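Q: If you scroll down you'll find the structure; I have some questions about it.
The values are calculated or read from the model by the stated rules, or taken from the named source; none is laboratory data. Predicted model, so just to flag it, every value in this text is computed and none were measured. Reconstructed Cβ throughout: ideal geometry from the backbone, glycine too, with neighbour counts over all protein chains shown.
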Amino acid sequence: RQRDAYAARFEEGRTQDGHRIEVAANLGNTAHGADAVEHGAEGVGLLRTEFVFMAHADVPDLETQIGEYRQAIDALDGRPLVARTLDVGGDKPLPYWPLPQEDNPFLGLRGIRLALTRPEILETQLRALLTAAGDKPLRIMFPMVKDIAEFRAARLIFERVQEQIRAPDVQLGVMIEVPSCALLAPSLAEEVDFFSIGTNDLTQYTLAIDRGHSELSAQSDGLHPAVLRLIQMTVDAAHARGKWVGVCGELGSDPLAVPVLVGLGVDELSVSVRQVPMVKARLRELTLAEARRHAELALSQATSDAVREALEAL
Ligand code: PEP
Ligand code: MG
């Protein structure tokens, strides 16, 4: 089966009955674009740009960043790339960006909150991304946003840069990783171009379980019905306003979760490079009506164990 999936990896992501789901790759290294294409990725749904920053002894300058982003964009040969702006703090420290000692770094200065304390760094990054893309399809999203005020603050910086360098329009989105954002998705959907659901952090913050906790990891399950409801709210709010929704957390490549996410209406799945052929194969086995039944069944359960048992019994 794995060999068949690999052989068919360049087919578009579609369900058996033709419903289109874009299958993209998550990249943690700008040198891996060609590998993603070779595995059938239809684009990059999450470029984790913090790795560009971690690879240097200081904030990489504009030229260095342009070179890095261009490498990934060029390798995609016209396929879209979604770049996430710098997402550090919490579990991802940067040695040259000392942070205050915090009792709860996961609830502290991280993601967009941290980036907004040093707008000049965000500005340079946005300038580098826009310059590297030229007129190739680039999309930009902000991590760990909690409400529309943070999105607007980041967008203001983006608009300033865009005006200065007269860059073409790009889609701007937010990651849905904090439950507040899923709950407030209707208001955000008025102003963003897309959502990308980061199920790793969304699960962590919904269930109050540290995503890296060694003893609790079995309970930290994105198929928890509470997480699924937040995904449902996000998708419904986005679609009501004509916006698209991706999933870029690990849930997107869980074989039991793929039908559920499709049934909830997700438009794009962005998964690790090696999972792309398998996810496409899973989609081909499935009709949209079946996927909706999986989603309904999952949503009607009370715990993640019950969700998994019910889905496995189908
Ligand atoms: C997520 O939180 O699901 C996500 C995709 O971002 P990261 O894993 O890089 O925090
Ligand atoms: Mg995250």
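Q: How many residues, within segment 231-280, are of a type in the set (A, V, I, L, M) and part of a loop (DSSP other than H, G, I, E, B)?
A: 2
Q: Failed condition for Ala55, given (1) closer than 21 Å to Gly249 by Cα; (2) aliphatic (A, V, I, L, M); (3) at pLDDT below 95, with all others met?
A: Condition (1) is where Ala55 drops out.
Yes/no matrix, rows are residues, columns are (1) touching a residue at least 24 places away in the same chain (Cβ under 8 Å); (2) within 16 Å of ligand 2 (Cβ to nearest atom):
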| residue | (1), (2) |
| --- | --- |
| Arg3 | no, no |
| Glu22 | yes, no |
| Leu46 | yes, yes |
| Pro60 | no, no |
| Arg84 | yes, yes |
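Q: Met144 - would you say it is touching a residue at least 40 places away in the same chain (Cβ under 8 Å), within 15 Å of ligand 2 (Cβ to nearest atom) and on the phi > 0 side of the Ramachandran plot?
A: For Met144, the condition - touching a residue at least 40 places away in the same chain (Cβ under 8 Å), within 15 Å of ligand 2 (Cβ to nearest atom) and on the phi > 0 side of the Ramachandran plot - is met.
Q: Something else about it: What single numbered condition from (1) in contact with a helix residue (DSSP H, G or I) (Cβ under 7 Å, 6 or more places away or on another chain); (2) in a helix (DSSP H, G or I); (3) within 16 Å of ligand 2 (Cβ to nearest atom) fails to hold for Leu114?
A: Checking Leu114 against (1) in contact with a helix residue (DSSP H, G or I) (Cβ under 7 Å, 6 or more places away or on another chain); (2) in a helix (DSSP H, G or I); (3) within 16 Å of ligand 2 (Cβ to nearest atom), the one that fails is (1).
Q: Using the structure shown, decide if Leu126 is surrounded by 17 or more Cβ atoms within 10 Å (Cβ to Cβ) and either within 16 Å of ligand 2 (Cβ to nearest atom) or farther than 30 Å from Tyr205 by Cα (or both).
A: no
Q: Do we find a residue being under 28 Å from Lys280 (Cβ atoms) and among the hydroxyl-bearing types (Ser, Thr, Tyr) anywhere in segment 92-110?
A: no
Q: While we're here: Hey, could you check segment 227-254 for residues that are surrounded by fewer than 18 Cβ atoms within 10 Å (Cβ to Cβ) and farther than 14 Å from Ile176 by Cα and say which is nearest to ligand 1 (Cβ to nearest atom)?
A: Going through the qualifying residues, I end up with His239.
Q: State all residues of segment 281-305 that are part of a helix (DSSP H, G or I), among the aliphatic types (A, V, I, L, M) and either crowded, with 16+ Cβ neighbours inside 10 Å or touching a helix residue (DSSP H, G or I) at 6+ places or on another chain (Cβ under 7 Å) (or both); if no residue qualifies, say none.
A: The answer is Ala281, Leu283, Leu288, Ala291, Ala295, Leu297, Ala298, Leu299.
Q: Please state which one of Gln71, Gln65, Gln101 is part of a loop (DSSP other than H, G, I, E, B) and among the polar types (S, T, N, Q).
A: Exactly one residue qualifies, and that residue is Gln101.
Q: If you don't mind, there's one more thing I want to ask. So Asp210 clears everything in (1) farther than 20 Å from Ile21 by Cα; (2) free of Cβ contacts under 8 Å to residues at least 40 places away in the same chain; (3) within 13 Å of ligand 1 (Cβ to nearest atom) except one condition, right? Which one?
A: (2)
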